[in-house]
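These notes are about the structure you will find just below.
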Protein chains: 2
Amino acid sequence: MTIATREWQLVSRPHGEPVASDFRLVEADRPDPAPGQVVVRTIAMSVDPYMRGRMNATKSYAPSWELGETMQGGAVGQVVASRSDAVPEGALVLHGMGWRDIAVLDAGHVSVVPPLPGLPLSLYLGVLGMPGLTAWAGLFRVATFRAGDAVFVSGAAGAVGSLVGQFARLRGASRVVGSAGTPEKVRWLRDELRFSAAFNYHDGPVADLLTAAAPEGIDVFFDNVGGEHLEAAVTALNVHGRAALCGSISGYNAVTAPPGPRNLSLLVGKRLALRGFLVSDHGDLRPEFVETVSGWLRDGALVARETVVDGLDGAVDAFRDLLRGGNTGKMVVRLTPDPD
Amino acid sequence: MTIATREWQLVSRPHGEPVASDFRLVEADRPDPAPGQVVVRTIAMSVDPYMRGRMNATKSYAPSWELGETMQGGAVGQVVASRSDAVPEGALVLHGMGWRDIAVLDAGHVSVVPPLPGLPLSLYLGVLGMPGLTAWAGLFRVATFRAGDAVFVSGAAGAVGSLVGQFARLRGASRVVGSAGTPEKVRWLRDELRFSAAFNYHDGPVADLLTAAAPEGIDVFFDNVGGEHLEAAVTALNVHGRAALCGSISGYNAVTAPPGPRNLSLLVGKRLALRGFLVSDHGDLRPEFVETVSGWLRDGALVARETVVDGLDGAVDAFRDLLRGGNTGKMVVRLTPDPD
């Protein structure tokens, strides 16, 4: 017997912006689970900006996806068959084999998670998962945020950025400023997430917009965008300022390298630190992160918004839309309803 | 009674490369010392790249020099008259009122230093002074150098760079690579300072020269040059690499901002840290620095070369030559011989 599933594969490496024909949705028959394996039906899968890098052949921190192979990524699902005593049928699990209806994988490659009464399980892909820990580690460890700091976050309406700004506010930032790409996102940052200020980076040079939003300068910069945002932030950072570099989505589809910040000589006199980081180095922070953030979610202190796309068929379009900023908060693809 | 002296003044702000007419050497009569003051005859004065920034009106970490006023800078001298019990006549002192034959200043603004038997007192302006502590703090604290690291230093034949490379070697670097601007300097780095490799940055793209000199990559970058050197180093840095940004002499005479490094998105995946620093934040390291480096000087482990210009008249030309790379090791202007 075999297991029928559908899977998204990469069939050509995008040049610039990915197009639909770079991908195909195939029907596959996967072998039954071997001893020690489990079969997981996907409830929701993640689309993340970092996946753009995996579509390139060039070496990056995450391995390249192979052409003609099924893509991978974060997913939450339910075990529908098990040949492992450790992970029984019915368990809810997180794993890295998204982009498919059903995954067959070693029990050691899944993490059992508790149910989230009253909340969607897809939060394990966002606020309670990799994007949440990214925001936590980047702000508190990499940028060494301290109460009283003025914080600027680029891509502030995204999965990570929207949490960075709220974490900073909840931990006593003197000012929280965010940038986003639409008027609706800017209003959401100001009105619902209660940022001190937010601006639409299409409205003028980022340096001018940032100066207006943070006239006293900033102490911490959390960067998801790169390019012009980074240059503006270097100018705005106060003495002993720190930047956590998480991503540079502005350049992910770039065919030629975008211009670099021309003001790095300011790092010397202002004693600034720019640090790139990957969440995978900071797993030791997970217990304190889960405890604190779960509490904020339960008592309503934290807004965790999702942009949900329904159905595996729409996953590639969801990813392409993500790179164009089509999401507010975390973008997920929901394949099946949460179990009761 | 007054004190006759000669002093260098800034009379116009350089546009690009400083020219002789931006400065004037004046004869002045300074008032006799007030109670608590000392009169110091300059033995040697320092010319340093950071002084280019003080010639601009724009805000920087060191205050701008005023037009029509006497310039300032590090100097070592001997007290020739004293109205302070703390600093007697005959004492050797360090102070910040260079660019003049004689300085009249508060005793609280000088530091008494011991004689250096067998060594020139000008070493207090170099290996035992600000450039030495800059190399020490930047390498060991800012870049958190550890034995086994491969180190690249730009401007490696300069006052700071030549010490960085030697400090790294003496503390167990796996490889020490330096860049400089003449074949003579490159030979000096290889043959006398015993760098593992050195290259002339005029010989090709720095990225290519660095790859050839450090095919396994680098763990620490100490930057005195900026621009193309910084971009090449970001590419060459290994995972968890660190850069201490000390200066960017390549841009000091620039009229427009030079292009920035186009590869900063590499900071994320490689988890690199770029940190600017000023030696003034790291004075607490001075005791361990002086003890260790004095020992290395005494036992000959450390080469501390100077480029010496004779006479106050030549000080401006010395400074201009410094910005063109005319020095090997620390450049100083000697006004009078060391006292016996």
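All of the numbers you see were taken from the coordinates with simple rules; none came from a lab. Computed from a predicted structure; not experimentally measured. Please note: Cβ atoms are built from the backbone with ideal geometry, for glycine as well, and neighbour counts cover all protein chains shown.
Any chance you could list the semi-axes, whole Å, largest first, of the equivalent ellipsoid that the Cα gyration tensor gives for the stretch B:270-331, using √(5λ)? Provide the component values of the computation, followed by the final result.
Numbers: eigenvalues 151, 87, 35 Å².
In descending order the semi-axes read 27, 21, 13 Å.
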Determine the distance separating the Cα centre of the stretch A:198-264 from the Cα centre of the stretch A:91-150; give it in Å without decimals. 27
If Lys and Arg each add +1 and Asp and Glu each add -1, what is the summed charge of the other residues whose beta carbon sits under 11 Å from the beta carbon of B:I218? -1
So, with points 7 Å from each Cα along the Cβ direction, the A:R187-B:T182 label distance in nm works out to 6.7
Part-to-part distance (alpha-carbon centres) for the stretch A:172-189 and the stretch A:10-55, which is given in Å: 33
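Which GluC sites (Glu not before Pro) from the stretch B:185-229 combine a DSSP loop assignment with at most 16 other Cβ atoms within 10 Å?
Passing sites in the stretch B:185-229 are B:E192, B:E216.
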D (µm²/s, integer) via Stokes-Einstein for the stretch B:14-91, Kirkwood Rh across alpha-carbon pairs, 10 °C, 1.306 mPa s: value 106
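Mean projection of the alpha-carbon convex hull of the stretch A:74-178 over all orientations, in nm²?
On the way: hull surface 32.3 nm².
Computing the convex hull of the Cα atoms and averaging its projections yields 8.1 nm².
Strictly over 31 Å apart at the Cα level, which of A:K59/A:K330; A:K270/B:K330; A:K330/B:K59; A:K270/B:K270 would you flag in this model?
Numbers: A:K59/A:K330 26 Å; A:K270/B:K330 25 Å; A:K330/B:K59 42 Å; A:K270/B:K270 24 Å.
The pairs that break the limit, which is 31 Å between Cα atoms, are A:K330/B:K59.
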Evaluate the distance, in nm, between pseudo-label points positioned 7 Å from the Cα of A:A28 and of B:V290 along their respective Cα→Cβ axes. 6.9
Where labels lie 7 Å past Cα in the beta-carbon direction, separation of B:L67 and B:D310 in nm: 3.7
37 °C / 0.692 mPa s Stokes-Einstein diffusion coefficient of the protein assembly as shown, Kirkwood radius on C-alpha pairs, µm²/s: 117
Hydrodynamic radius of the stretch A:155-210 per Kirkwood, over alpha carbon pairs, in Å: 11.0
Per residue, what volume in Å³ does the Cα convex hull of chain B take up? 132
List the distances, in nm to one decimal, from the label point of B:T58 to the label points of the same position in every other copy, shortest first, placing each label point 7 Å from Cα along the Cα-to-Cβ direction. 3.0
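Give the relative contact order (percent, whole number) for chain A; include only Cα pairs under 8 Å separated by 6+ residues. Mind dumping the intermediate values first?
Details: 743 pairs, mean separation 58.5, N = 340.
Computed value for chain A: 17 percent relative contact order.
Starting from the Kirkwood radius over alpha-carbon pairs of the stretch A:130-281, derive D by Stokes-Einstein at 10 °C in a medium of 1.306 mPa s and give it in µm² s⁻¹.
Estimated via Stokes-Einstein, D reaches 106 µm²/s.
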Under the convention of a label 7 Å out along Cα→Cβ, give the distances in nm from B:D208 to the same position in every other copy, shortest first. 4.2
Taking B:T5, A:T211 and counting other C-beta atoms within 10 Å, the order from fewest to most: A:T211, B:T5
Scan chain A for the residue whose Cβ is closest to the axis carrying it onto chain B, then write down that distance in whole angstrom. A:G260, 2
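Where both partners of a DSSP beta bridge lie in the protein assembly as shown, what percent of those bridges are antiparallel, to the nearest 5? Write down the numbers at each step before the final one.
Numbers: 68 of 122 bridges.
Around 55 percent of the beta bridges assigned by DSSP in the protein assembly as shown are antiparallel ones.
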With -39,500 (n - 2.57) per DSSP H segment of 4 or more residues and division by the full residue count of chain A, the 222 nm estimate, nearest 500 deg cm²/dmol, is -6000 deg cm²/dmol
